[in-house]
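The structure appears below as structure tokens.
The values are calculated or read from the model by the stated rules, or taken from the named source; none is laboratory data. Remember, it's a predicted structure, so these values are computed and weren't measured experimentally. As a convention, Cβ positions derive from the backbone with ideal geometry for all residues, glycine included, and neighbour counts pool all protein chains shown. Ligands, DNA and RNA are stripped out before the accessible areas are found, and what is left, the full protein with its side chains, is counted by its heavy atoms. Shrake-Rupley method; radii C 1.70, N 1.55, O 1.52, S 1.80 Å.
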Amino acid sequence: MSLGLVALVGAPNVGKSTIFNRMVGSRRSIVEDTPGVTRDRIYGDAEWLTKKFRLVDTGGIEILNKPFQTQIRAQAQLAIDEADVIVFVVDGKTGLSGDDQQVAKILYKSNKPVLLAVNKIDNIEEISNISDFYALGLGEPMAVSGSHGIGIGDLLDKIISMLPEKEDNVYGAATTFCLIGRPNVGKSSITNRILGDDRVIVSDIAGTTRDSIDTSFTKDDRNYVIIDTAGLVKKGRIYEAIDKYAALRALAAIDRSQVAILVIDAGQGIIDQDRHVVGYAMDSHKAVVIVVNKWDLHEKGETQESFVKKIKEKFKFLDYATIVFVSAKDGKNIDGLFPAIAEAYDSYNRRVPTSVLNKVILDAQSMNPTPEFNHGRLKIYFASQVAVNPPSFVIFCNNPEFAHFSYTRYLENRLRETFDFAGSPIQIIYRERK
């Protein structure tokens with residue numbers, strides 16, 4: 001599902017990070033009284049009235065050329081360029097400032113919907129403080145208090161009314177997949193091999209691809225869309241504005257894909273960063289295929305079987321993913337990707353008959369009775385598949401709190417053995433039967 005993007009912009013120390021934390025429900029942004037604490041952009045997912053969107057907190061923009069201001073302006077400008085809605089935050093206690101007017105000039109040029117939020121209006125006596133901000137010419141100011149939550153609901157109502165409707169499935173019945181991975185693992189080379197054309201810039205410089213690129217094609221009578229993305233790095237190492245921008249685009253590419261292909265560099269081996277990268281796809285509940293590229297550069301003597309064993313050890317949470325070895329440089333086994341992609345896509349969209357599902361679940365319970373947990377024993381009455389993308393199953397029981405995670409894992413394995421969900425995550429949800 002494609003999520004709309006909302007950017008919080010404004011001068012330093014106006015309370016953007018406090019509003020951000022209030023909306024996403026956690027202290028993701030650092031909150032201090034010192035101006036300029038937030039230098040990078042920080043992302044979070046927010047939800048209001050069942051509508052989800054991405055929220056980005058930006059560093060404060062100042063007139064004075066203080067340290068990091070050039071980078072902060074670049075960060076904020078990229079957030080503005082990407083945003084569907086902009087929330088311009090100003091300080092209701094200090095009043096209209098030159099920095100506010102500077103930010104307003106930037107927003108005039110954006111041609112984006114702008115909401116003007118006057119923060120730090122903590123009581124009714126301060127409501128008159130908002131009148132000065134009409135001078136910015138950005139519509140009616142909204143009084144809010146990030147610290148106390150006052151007016152945040154009204155602000156969220158306005159935000160979701162202005163967010164565009166985005167299609168969940170932009171490409172219809174086509175099998176849509178994206179290539180993700182660390183920089184310079186060969187994603188663009190694989191893309192070019194698949195398409196038979198140098199559609200994507202390829203070089204030895206890490207991070208050459210800064211944007212995501214969607215291309216439709218047909219193979220073996222099946223329609224595909226491939227999305228090449230910029231290399232993702234561990235969140236704590238994304239410092240430059242351009243890398244933040246690339247990470248945002250890669251997240252959007254994952255959102256509109258059904259299958260995420262994690263590309264690993266066989267020459268460098270498996271490192272922890274690969275786990276962080278695939279975490280984005282797992283958080284979005286996407287089907288996953290693992291591709292080991294540059295196998296021709298791997299040290300002699302090690303077999304594919306031993307390398308698969310290493311992958312299984314490192315990615316225990318991804319034991320359902322199919323592993324394919326390729327060499328984009330000479331084109332070896334590129335065609336071997338497509339059966340794995342098709343299998344993962346079909347698994348991701350698979351529905352199973354209710355009667356067969358219940359037989360499998362009840363047989364599993366008979367063969368391996370549920371353990372005692374939380375002062376009780378789980379009793380399963382009925383199961384139903386409620387969704388695909390990924391396949392999701394609701395199990396009606398006596399008490400969900402009696403479900404031990406190991407037993408859930410056991411049921412998941414039985415479902416995989418019976419219905420072949422290769423490449424796809426599955427979700428099991430317990431509900432109490434009233």
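Residue 296 contributes an accessible area of around 60 Å² to the protein surface, as traced by a 1.4 Å probe with all chains present. Count charges around residue 144 for me, please; just the other residues with Cβ under 14 Å from its Cβ, Lys/Arg as +1, Asp/Glu as -1. It works out to a net charge of -1. Fully extending the segment from residue 304 to residue 52, taken as 0.36 nm per residue of separation minus the present Cα-Cα distance, adds 86.5 nm.
Using R0 = 45 Å, the C-beta based FRET efficiency linking residue 220 and residue 161 works out to 0.50.
How many percent of the accessible area of region 329-434 is carbon or sulfur, using a 1.4 Å probe? About 52 percent, which is the carbon plus sulfur part of the accessible surface. If you average the C-alpha positions of region 78-144 and of region 355-390 separately, how far apart do those two centres end up, in angstrom? Spelled out, the Cα-based centre of one part sits 53 Å from the other. Evaluating 6.51 cos²θ - 1.76 cosθ + 1.60 at θ = phi - 60° for every residue in region 309-322, the Karplus couplings come out as 4, 5, 4, 4, 5, 6, 10, 4, 7, 10, 5, 8, 7, 6 Hz, glycine and proline recorded as x.
Residues 107, 251, 96, ordered by accessible area of protein heavy atoms at a 1.4 angstrom probe radius and largest first, appear as 96, 251, 107. For region 318-403, pairs of C-alpha atoms spaced more than 20 angstrom apart make up 56 percent of the total. Here's how it looks for residue 11: its modeled amide H is under 5 Å from those of 61, which are all 5 or more places away or on a different chain.
Working ranking of peptides 303-313, 324-334, 9-19, 399-409 by packing, defined as the average number of other Cβ atoms within 10 Å per residue, highest first, is 9-19, 324-334, 399-409, 303-313. Counted by Cβ distance under 14 Å from residue 95, the other residues give a net charge of -3, where Lys and Arg count +1 and Asp and Glu count -1. Measuring r between the beta carbons of residue 375 and residue 329 and using R0 = 60 Å, the FRET efficiency lands at 0.50. Backbone amide hydrogens, once placed in the peptide plane, bring residue 115 within less than 5 Å of 86, 87, 88, excluding anything fewer than 5 places away on its chain.
Averaged over residues, the count of other Cβ atoms within 10 Å places the peptides 269-276, 46-53, 280-287 in the sequence 280-287, 269-276, 46-53, highest first.
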